[in-house]
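Reading through the structure tokens given below for one structure.
The values are calculated or read from the model by the stated rules, or taken from the named source; none is laboratory data. What you are looking at is a predicted structure, and each value in this text was computed from that prediction instead of being measured. Neighbour counts run over all protein chains shown; Cβ positions are idealised from the backbone, glycine included.
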Amino acid sequence: MSERIATVSRDTSETQITATINLDGEGHLVAATGVGFLDHMLDQIARHGLIDIELRAHGDLHIDAHHTVEDIGITLGQAFDQAIGDKRGIRRYGHAYVPLDEALSRVVIDFSGRPGLHMDVEFTRAAIGTLDTQLFWEFFQGFVNHARVTLHIDNLKGLNAHHQAETIFKAFGRALRMAVEVDPRMAGQMPSTKGSL
């Protein structure tokens with residue numbers, strides 16, 4: 001199997017971002033986004049997904065974090081789309097339930113080739129640190145549009161917004177790990193009755 005590694009750069013008037021991922025990594029993150037809590041969440045994806053991520057971002061944070069968070073989602077989505085290749089032999093679907101104290105989230109993903117996001121999360125606070133919780137939707141929307149995946153995110157329980165977010169990102173990492181894993185029983189087959197994804 002060839003290496004499943006990709007590097008993508010995005011350069012706009014609002015952000016300059018470079019992301020490198022290795023789908024068969026060890027869960028290492030090197031990130032400098034200027035948004036501390038987002039770096040913490042990217043670490044959850046890497047660690048629990050066993051995906052190596054290196055990401056550098058410079059954005060117009062003097063306005064707010066919107067463009068930076070959204071464009072990081074877009075860039076990571078593009079990197080996943082490139083790294084996964086034609087999807088032959090992968091499990092395709094992934095899911096995870098993750099608790100953290102009183103919070104519990106479920107994430108289900110399908111590398112379907114069709115972008116779609118359903119996110120049912122009512123954060124108990126409008127911001128975590130300086131990060132607007134509405135921007136998590138922007139991150140995931142950017143990701144699904146460019147990774148071309150169907151993604152369902154449900155926060156089932158939670159009182160603490162930090163815990164809610166952390167369970168979502170940990171579950172996202174776990175679901176990614178399952179979905180991109182190579183299934184030896186598939187022997188390079190396409191995981192679709194259509195013959196393509």
- Item | Condition broken by GLY94, with the remaining ones in (1) surrounded by fewer than 19 Cβ atoms within 10 Å (Cβ to Cβ); (2) under 25 Å from SER2 (Cα atoms); (3) not polar (S, T, N, Q) satisfied | (1)
- Message: Which condition from (1) surrounded by 20 or more Cβ atoms within 10 Å (Cβ to Cβ); (2) within 20 Å of ALA175 (Cα to Cα) is the one that VAL69 breaks?
- Response: (2)
- Task: Mind counting the residues in the stretch 112-159 that are farther than 19 Å from LYS87 by Cβ and among the polar types (S, T, N, Q)?
- Result: 6
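Given the options THR15, THR20, name the one that is under 17 Å from PHE143 (Cβ atoms), touching an Asp or Glu at 6+ places or on another chain (Cβ under 8 Å) and crowded, with 21+ Cβ neighbours inside 10 Å.
Just one listed residue meets the conditions, THR15.
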- Query: Only one of (1) surrounded by 17 or more Cβ atoms within 10 Å (Cβ to Cβ); (2) touching a Lys or Arg at 6+ places or on another chain (Cβ under 7 Å); (3) farther than 16 Å from GLN44 by Cα is not met by LEU104, so which one is it?
  - Reply: (3)
- Filter the stretch 175-197 down to residues that are touching a Phe, Trp or Tyr at 6+ places or on another chain (Cβ under 9 Å) and at pLDDT 90 or above and give me whichever is farthest from PRO99 (Cα to Cα). PRO191
- Note on the structure: Of the listed residues (ARG114, ARG125), the one being closer than 18 Å to GLN164 by Cα, over 15 Å from the mean Cα position of the chain (by Cα) and without any contact (Cβ under 8 Å) to a residue 40 or more places away in the chain is ARG125
- Task: Could you list all residues from the stretch 19-39 that are on the phi < 0 side of the Ramachandran plot and without any contact (Cβ under 8 Å) to a residue 40 or more places away in the chain?
- Result: ASP24, GLY25, GLU26, HIS28, LEU29, VAL30, ALA31, ALA32, THR33, ASP39
- Within the stretch 109-134, which residues are surrounded by 20 or more Cβ atoms within 10 Å (Cβ to Cβ) and closer than 22 Å to GLN78 by Cβ? ILE109, PHE111
- Single unsatisfied condition, LEU156 versus (1) touching a residue at least 40 places away in the same chain (Cβ under 8 Å); (2) more than 26 Å from GLU181 (Cβ to Cβ); (3) surrounded by fewer than 16 Cβ atoms within 10 Å (Cβ to Cβ): (2)
